[in-house]
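In what follows, a single structure is set out as structure tokens and then discussed.
The values are calculated or read from the model by the stated rules, or taken from the named source; none is laboratory data. Since we're looking at a predicted model, the values are computed, not measured. Counting neighbours? That spans all protein chains shown, and the Cβs are built from the backbone with ideal geometry, glycine included.
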Amino acid sequence: MTLKEQKSSDSFVGRSNTKNVDCGSYNASFYTCCNGALTLGHNQSCCGTTAYNASMHTCCNGVFTLGSRQSCCGTTAYNPSMYTCCNGALILDKGLSCCGATVYNSSMYTCCNGEVNSRSNQKCCGSKVYNPSSYTCCNGTLTSGSYQECCGTKGYYPSLSTCCDGELTSGGNQKCCGTESYNPLSSTCCNGILNNGARQECCGTKTYNPSSHTCCNGEVVSGSNEKCCGTKAYNPSSSTCCNGELNSGGYLECCGSKGFSKSSSTCCNGTLTSGGYLECCGSKGFSKSSSTCCNGTLTSGGYLECCGSKGYSKSSSTCCNGELTSGGYLECCGSKGFSKSSSTCCNGTLTAGGYLECCGFKGYSRSSSTCCNSTVNSGAYQDCCAVTYNNIGNVHRVNNDIELAKNNFQLALKIALQSLPEDHPSVQIYQEQLLSL
């Protein structure tokens, strides 16, 4: 039966064994599928895309060779009872070992880093062989003597030598100080520097005895169990350290680098003032009973009021807009103080004379002057050209009607009399003016 006839017959027989994999639909009772290639014959092994009978052939990396149960050397099958494979090369000899691409008898030779040496059962030191009972290998270098420690490329016995940072020094079982070895029973190592004396404390690169000295920031100073102030030692019961400066006197307060007692001095912003428990005004200390602090400035006198940076007493001065005027309990006119009995304030400007009327920025007396359009004119009770009075000191433009002006002035005087107290000095003047109209 041809392969074509056999495939045709698959459509009628063995439908229960039909598979559908990389080779499409086929009958596994008659075919074997290997990586997409269909080969006649069932239950065979695959070698690449080729099916083969493993009882008759051997497959090595995609190449099959006649003969079963053989070993592979690359793509070549071989009988290990007759050949040895080394790095893909077959050598006609059995039971040998490989050293790179070379075969050798391990009972007679030793392989070190791809080189065959003529002695067996040896150890390797780089590409050399050695007997560990006679030599020591240190980082690829042989040293005479067995079972030694390594110091770089040199071997040594710790009982006879000491290795410090790759350097050998004479004397066993010692300690290292940098590249030097030392006996801790007679020396002390401090930060890589050897010092005479055993079991001492270190201060930088120096040693010291804590029972008699103190280490302060790398400096050894006399005195035990003391505190440090910079590089100086001190007893806190007799001295005080402030910002690295020593001050005489124990357990003081610090003000910058100075020590002080609160009972005798006061610290204000890093500056000392004589006197205990004072208040601070900027960098100065003061007593509220004798001085007053106003905006960081001291004024002599206790419990004063403040006017800007100055202190004052209300009984003797008046503060107006940050400026002092001599005289207590005055009125303010801008930044100046004044007494109503001696001056008049008109729009922030003072005029000598008390209880005057205002004409713009000036004060005036109606008994001696007339105000026209904010201008003071000499002469009492004068008429203003093209103006009339509708209240004292205020004018409005009208026609030149003199009679109307007198009537309006009369009305203004009456209104003024009604608003003023009876003891006001202007009352008698206004009454006399009404009688004269």
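Out of all the residues in segment 224-234, is one or more over 30 Å from residue 159 (Cβ atoms), of a type in the set (Asp, Glu), modelled with pLDDT of 90 or more and surrounded by fewer than 18 Cβ atoms within 10 Å (Cβ to Cβ)? No; the residues of segment 224-234 include none that is over 30 Å from residue 159 (Cβ atoms), of a type in the set (Asp, Glu), modelled with pLDDT of 90 or more and surrounded by fewer than 18 Cβ atoms within 10 Å (Cβ to Cβ). The requirement of being basic (Lys, Arg) and in contact with a Cys (Cβ under 9 Å, 6 or more places away or on another chain) is fulfilled somewhere in segment 110-127, by at least one residue.
The condition (being more than 23 Å from residue 200 (Cα to Cα) and surrounded by fewer than 17 Cβ atoms within 10 Å (Cβ to Cβ)) is satisfied by just one residue among 268, 254, 241: 254.
When residue 149 is tested against (1) within 30 Å of residue 69 (Cα to Cα); (2) modelled with pLDDT of 90 or more; (3) of a type in the set (Asp, Glu), just one condition goes unmet, and that condition is (1).
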